[in-house]
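These notes are about the structure you will find just below.
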Amino acid sequence: MKSDRTASLERVAAVLAAHRDFLITSHVNPDGDSLGSQLAFQGLLTALGKRAGIINQNAAASTYDFLPDIGTIGVWPHAARPEFTAAVVLDIGEWERMGAVSGLIDRQRHAVINIDHHESNVGFGQAVYVDTNSCSTSFMVYHLYRHLGLPAAAAAATQLYTGILTDTGGFRFGNTSSESLAVCADLVAGGADPAAIMHQVYYAKTALAVRVMGMVLATLEIHAHGRIAAVHLDREILARLAPHTAAEVCANTEGIIDYIRSIHGVEIAIFFREEEDGQIKVSFRANSDRINMNHFAGRHGGGGHPQAAGTHLAPPLAAAKQTIIHEAARLLEQTCKS
Ligand SMILES: [Mn+2]
């Protein structure tokens, strides 16, 4: 019997064979995995003689400037309207996570391929390849290369390795498996340089990112007898960082939540961010697999992975913080009893 993976890959391959012009996209505020998987997918389509363009709602953080072909990613609506008959939607569990790019796709007219590993994936498109046991979407795109008998050339090896590295938190998270490491070994053999990529991703922070981190870390609150750590980024901090725009500051917050997650005894880390439109973006990290942050975020319309999830809440910030911290403390109490 065929594995789910093989069956899914065959469905994806069938849609690839039936079309010539593709749009590739991913979620708002693209991370290493969404960028790596999109770029490698573009390389795969090019190798198959297809035409493919990538369009995202937001520009990539400068951290990823080193990725081969990063300059080919268009930002909507500044990019030209693409011509395509099939859309490849990567690293996304819900249609809305695409942001404004979703307006380019007509689900009646365009074929849609969805490749994703989020637990909150609802499944959409003609060819759905969802595997919540996969460490990353890049890992899944690697398997598509293998399935099609295409070697991941040096560019794709670097892109896919970066996606796996970042989605496993530098091989520190629970999704770091022998299989994900074996894929990385193959990508290194194919030309990915682990030390150079590690340096680019984790040792290339901007001065602004470190300044933002300092200000946000200074807001640290410890709750539930040391089991919850919370920080926030509010308008006051944004004002102190002027003339940097809110968008610039928000693009420089990566890694902050993982820093507070590293406090001894902390089981849930929470980062509250006041966005330009006034909404409160909330990110969660769990240090134990007894706690499911995807379900927790789902109560407020969000989602993600069991150990890393997020959602948006209505302002004001103080009320959002109180609600979420109270609920997180209750979750920990219930987990303790069960
Ligand atoms: Mn991912």
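Residue-level check: of (1) touching a helix residue (DSSP H, G or I) at 6+ places or on another chain (Cβ under 9 Å); (2) away from the ligand (no atom under 16 Å from the Cβ), Val101 misses just (1). Within region 24-42, the set of residues being crowded, with 24+ Cβ neighbours inside 10 Å and either over 14 Å from Thr137 (Cβ atoms) or of a type in the set (Phe, Trp, Tyr) (or both) comprises Phe41 only.
May I ask you to list the residues in region 309-338 that are without any contact (Cβ under 8 Å) to a residue 40 or more places away in the chain, under 26 Å from Thr176 (Cα atoms) and touching a Ser or Thr at 6+ places or on another chain (Cβ under 8 Å)? Within region 309-338, Gly310 is the sole residue that qualifies. Checking each residue in region 34-53 for being of a type outside the set (S, T, N, Q), within 16 Å of the chain's Cα centre (by Cα) and more than 22 Å from Gly149 (Cα to Cα) picks out only Leu35. Of the conditions (1) more than 16 Å from the ligand (Cβ to nearest atom); (2) under 26 Å from Ala153 (Cβ atoms); (3) touching a Pro at 6+ places or on another chain (Cβ under 9 Å); (4) part of a helix (DSSP H, G or I), Ala14 clears all except one; give me its number. Unmet condition: (3).
On the stretch given as region 135-178, residues that are within 16 Å of the ligand (Cβ to nearest atom), surrounded by fewer than 24 Cβ atoms within 10 Å (Cβ to Cβ) and not in a loop (DSSP other than H, G, I, E, B) total 3.
For Arg273, the criteria (1) part of a helix (DSSP H, G or I); (2) under 24 Å from Glu94 (Cα atoms) hold in every case but one, which is (1).
Flag: Ser120 does not match the condition of being within 13 Å of the ligand (Cβ to nearest atom), part of a loop (DSSP other than H, G, I, E, B) and at pLDDT 95 or above. Summed over region 139-161, the residues that are within 14 Å of Ser180 (Cβ to Cβ) and of a type in the set (A, V, I, L, M, F, W, C) give a count of 4.
From the list Thr25, Thr85, the one residue that fits, being β-branched (Val, Ile, Thr) and within 15 Å of the ligand (Cβ to nearest atom), is Thr25.
For beta carbons closer than 7 Å, sequence separation of 6+ or different chains, a first residue in region 113-124 that is within 20 Å of Asp167 (Cα to Cα) and a second that is aromatic (Phe, Trp, Tyr) and away from the ligand (no atom under 16 Å from the Cβ), the qualifying pairs are Asn114/Phe124. So which residues in region 123-132 are in contact with a helix residue (DSSP H, G or I) (Cβ under 7 Å, 6 or more places away or on another chain) and either part of a loop (DSSP other than H, G, I, E, B) or within 11 Å of the ligand (Cβ to nearest atom) (or both)? Residues satisfying the conditions are Phe124, Gln126, Asp131. For region 145-199, taking the residues that are aromatic (Phe, Trp, Tyr) and in contact (Cβ under 8 Å) with a residue 24 or more places away in the chain, the one that is farthest from Gly36 (Cα to Cα) is identified as Phe173. Under the condition of being part of a helix (DSSP H, G or I) and hydrophobic (A, V, I, L, M, F, W, C), which residue from region 95-117 is surrounded by the most Cβ atoms within 10 Å (Cβ to Cβ)? Out of the qualifying residues, it is Val101. Those residues that are within 27 Å of Gly278 (Cα to Cα), polar (S, T, N, Q) and assigned to a helix (DSSP H, G or I), I need them from region 290-338; list them, please. Answer for region 290-338, where residues must be within 27 Å of Gly278 (Cα to Cα), polar (S, T, N, Q) and assigned to a helix (DSSP H, G or I): Asn294, Gln322, Thr323.
In summary, Ala204 fulfils each of the numbered conditions (1) more than 20 Å from Ile257 (Cβ to Cβ); (2) surrounded by fewer than 16 Cβ atoms within 10 Å (Cβ to Cβ) with the single exception of condition (1).
Considering Asp91, Asp21, Asp31, which residue is within 28 Å of Ala297 (Cα to Cα), acidic (Asp, Glu) and in contact with a strand residue (DSSP E or B) (Cβ under 8 Å, 6 or more places away or on another chain)? None of the other options fit; the residue is Asp91. Considering Glu248, Glu221, the condition of being farther than 19 Å from Asp167 by Cβ, at pLDDT below 95 and acidic (Asp, Glu) is satisfied by Glu248 alone. Every test in (1) under 23 Å from the mean Cα position of the chain (by Cα); (2) surrounded by fewer than 21 Cβ atoms within 10 Å (Cβ to Cβ) is passed by His264 save one, and that test is (1).
The values are calculated or read from the model by the stated rules, or taken from the named source; none is laboratory data. Fair warning: this is a prediction, and the values are worked out from it, not measured in the lab. A quick note on method: Cβ atoms are made from the backbone with ideal geometry, for glycine too, and the neighbour counts reach across all protein chains shown.
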